[in-house]
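Trainee: One structure, pasted below without further comment.
Read-outs throughout are calculated quantities, based only on the coordinates presented, and are distinct from any laboratory measurement. In this text, all values refer to a predicted model and were calculated from it rather than measured experimentally.
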């Protein structure tokens, strides 16, 4: 009897932990992702990749300057690709040093397996969703770095 009660207790605890952990991350939805990266886990408190720190020169179609923030899942060392749950936020900054847009890559298991399971989003500085989902322009450009998990600014080893 004690063994079965203990097993039920452990099962309930595990279910709670798994459901709580998965509830923390948003689904592949532009508005939910914005809420997550600005309110629940503000991206400005995240890290940079070691090989891409701080303000950098940028290119079209983004902006002449950018900062790329990566959540804790995405900065785990020694990975050959991003893990599911990785979120990459690029601040697209103009020559006037003002934020022009935020572009985001979010790795969601099963979202788009043929293209690395990346969910793409572009936001105005105030959070209006300009594009999100399987954005053809984003995928088309990032296809050239498919062997690096569609990431330009960090080299996976």
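Trainee: Please report, in whole Å³, the volume per residue of the convex hull around the C-alpha atoms of the chain. Write out the running numbers ahead of the final one.
Mentor: Details: hull volume 20.8 nm³, N = 157.
Dividing the Cα hull volume of the chain by its residue count gives 132 Å³.
Trainee: How tilted is helix 2-24 with respect to the longest principal axis of the chain? Cα atoms for both, answer in degrees (0 to 90, nearest 10).
Mentor: Value to nearest ten degrees: 10.
Trainee: Still on this structure: Summing -39500 (n - 2.57) over the DSSP H runs of n ≥ 4 in the chain and dividing by its residue number, what mean residue ellipticity at 222 nm do you reach, to the nearest 500 deg cm²/dmol?
Mentor: Working: 3 runs with 36 residues, N = 157.
Only helices count here, giving -7000 deg cm²/dmol.
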